[in-house]
Amino acid sequence: MGEKYRAGFVSFVGRPNVGKSTLTNALVGEKIAITSPKPQTTRRVIRGVLHRDDGQLIIVDTPGIHRPRTLLGERLNALVEATLGDVDVIGFCVPANEKLGPGDRFINERLNDFPRAKKVAVLTKVDQASNSQIIEQLTQLGALRDWDAVVPISAVTNEQLEVLTNVLLELMPESAQLYDDDTTTEEREDDRIAELIREAALDGVREELPHSLAAMVDDREEREDGLLEIYASLFVERDSQKGIVIGKGGARLREVGERARKEIEQLLGAKVYLSLRVKVLKEWQRDPKALRKLGF
């Protein structure tokens, strides 16, 4: 065979909740991108690395393309621009069980701004759609542009994931290996811990919180008995939000801590003691200094 080794970068774009992060995690095989049913939960460029004998796919997870309303929104958009300008392939994700809408068309048009990248349409959530829905969506997708490939998948049931991997690798340039065999992500451990805390805190809170919530690891210390102590802060923008996160008698924060701790232990493979504090950082999404402090 003597197949040539290929390696390159792919980024999945699409409306919120079309399954981009779930797809990234399914392809890489471990939890890297946080998944949440709330829009715009992904804020960092997370690279997942998928290793195969014949190549490497580096998955760049970007914040969604949207019309910005705050300074944070503008910075996220700039991050998207920079990322998509650099990748080899853009995978445009559309769910099989929802009709193509204006949001999808807006993103499809924006893809013209990145002529360098090859474009693949990924029809997600086929496990939740009927055959006729799938055929209808494929027809609609085909009418949008001349794609390099169109692949229907389900990240939940792993349907066609292997096919998608093959298609993406074939579109990558011939290249030497870009990452070591044991690298699955480029993110710093503290950033991943902070994201897990934020994910736990986002779960089940009312709609006003998602964008106002940030998390940061302040300190960590390994005790002699092998227990890892992690001290972290959750930042909100207003006192009223602080109450929501803490909950009655601190009950909600305890739940958040418990949930995050289990995820962190899974990530690190070690016993963890997690101490969480909630702090108010007024209007941090609009404040350049606060954004810098939080790593945006």
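A few comments on the model shown:
- Among the conditions (1) closer than 18 Å to TYR273 by Cβ; (2) at pLDDT below 90; (3) not charged (D, E, K, R), the only one that ALA232 does not satisfy is (2).
- Search result, residues across the range 258-280 that are buried (at least 18 other Cβ atoms within 10 Å of the Cβ), in contact with a strand residue (DSSP E or B) (Cβ under 8 Å, 6 or more places away or on another chain) and not β-branched (Val, Ile, Thr): ALA260, ARG261, LEU274, LEU276
- Top-ranked residue of the range 178-203 - restricted to ones that are more than 16 Å from the chain's Cα centre (by Cα) and assigned to a helix (DSSP H, G or I), ranked as modelled with the lowest pLDDT: ASP190
- Residue within the range 159-177 that is surrounded by 15 or more Cβ atoms within 10 Å (Cβ to Cβ), β-branched (Val, Ile, Thr) and not in a helix (DSSP H, G or I) present: no
- Which listed residue is surrounded by 12 or more Cβ atoms within 10 Å (Cβ to Cβ), at positive phi and not charged (D, E, K, R), from GLY226, GLY247, GLY243: GLY247
- In the range 119-133, the residues that are in a helix (DSSP H, G or I) and either loosely packed, with under 13 Cβ neighbours inside 10 Å or not hydrophobic (A, V, I, L, M, F, W, C) (or both): ASP127, GLN128, ASN131, SER132, GLN133
Listed here are the residues, each with its yes/no results for (1) crowded, with 16+ Cβ neighbours inside 10 Å; (2) touching a helix residue (DSSP H, G or I) at 6+ places or on another chain (Cβ under 9 Å).
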position: ASN108; (1), (2): yes, yes
position: ALA117; (1), (2): yes, yes
position: ILE135; (1), (2): no, no
position: ARG145; (1), (2): no, yes
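- Given (1) in a loop (DSSP other than H, G, I, E, B); (2) under 22 Å from ALA194 (Cα atoms); (3) modelled with pLDDT under 70, number of the condition GLY2 does not satisfy: (2)
The values are calculated or read from the model by the stated rules, or taken from the named source; none is laboratory data. Predicted model, so just to flag it, every value in this text is computed and none were measured. Heads up, the Cβs are rebuilt from the backbone with ideal geometry, glycines too, and the neighbour counts pull from every protein chain shown.
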